């Protein structure tokens, strides 16, 4: 059975800290891995990774994929209170192009002032 | 700006009632999805549709049905609501030609009493 596991499930840091969120997966026919940020409402897309070892970056957020070890990390540097959210990892896999994603449990990040 | 809308943000229903949750997207996407989100469990796929009148069961379809009569609209139906269906329901859509980034609606928080 395909599965995606995120760790830690929750995290509390102070502003300015750097955090690393983890996502590991066991799936058949991996296609891509996606990161989303969810505040009070709809998850919003952050990154899509398909190739191993290539870092995607957006401001203070960056992510990298290791297809050999089957995991990805999301780094947030110089955290701000606005980074408080649930971070979701999802994997697209399988033999048909249905666009189905398998989601992890999410990591709840709280950034204190 | 891409948009996925859901008919209600908050809904309170009684056990045994029939409940309709509606989702509309304006991006001409072929794929549409219904998830429920519960603390510690992440997003779990209920049903998805890859074309008008086409549907497939996700991981937790029991107690739910769906309808897709028009490309832009995907409805989730709870035939006889039960208290264990109290949850956050999220709708999403994506293109069938890739990339398969899913765009999410704001969610409906359903409480069944």
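Read-outs throughout are calculated quantities, based only on the coordinates presented, and are distinct from any laboratory measurement. Remember, predicted model here, so these are calculated numbers, not experimental data. Counting neighbours? That spans all protein chains shown, and the Cβs are built from the backbone with ideal geometry, glycine included.
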Share, in percent, of DSSP beta bridges within chain B that are antiparallel, nearest 5:
90
Value of relative contact order over chain A, rounded to a whole percent, pairs C-alpha under 8 Å and six or more apart:
37
Peptide B:32-45, shielding by other chains (average Cβ, 10 Å cutoff):
4
Average other protein chain Cβ within 10 Å of Cβ, residues B:95-104
6
Share antiparallel - DSSP beta bridges, the protein assembly as shown, percent rounded to 5:
90
Take chain B, connect every pair of alpha-carbon atoms lying under 10 Å apart with a spring to form a Gaussian network, then pick out the residue of B:48, B:74, B:20 with the largest mean-square fluctuation.
B:20
In nm, spacing of pseudo-spin labels at residue B:44 and residue A:55 (7 Å Cα→C-beta vector)
3.8
Using a 7 Å offset from Cα along Cα-Cβ at residue A:70, what residues in the stretch A:10-34 end up with backbone N under 19 Å from the label point?
A:22-34
Take chain B, connect every pair of alpha-carbon atoms lying under 10 Å apart with a spring to form a Gaussian network, then pick out the residue of B:32, B:88, B:54 with the largest mean-square fluctuation.
B:54
Which of A:35, B:34 comes first, and how do the rest follow, when ranked by fewest Cβ neighbours within 10 Å?
A:35, B:34
Average projected area of the Cα convex hull of the stretch B:16-97, in nm²?
5.3
Quick calc: nm separation of the 7 Å Cα→Cβ label points for residue A:5 and residue A:84 -> 3.0
Of all DSSP beta bridges located in the stretch A:3-112, what percent are antiparallel, nearest 5?
90
If each of residue B:62 and residue B:111 carries a label point 7 Å out from its Cα toward its Cβ, how far apart are those two points in nm?
2.6
Relative contact order (percent, whole number), chain B, Cα cutoff 8 Å, 6+ residue spacing:
36
Taking Cα atoms of chain A, Rg/Rh with Kirkwood Rh, to two decimals?
0.97
For the protein assembly as shown, which semi-axes, largest first and in whole Å, follow from the square roots of 5 times the eigenvalues of its Cα gyration tensor?
29, 21, 15
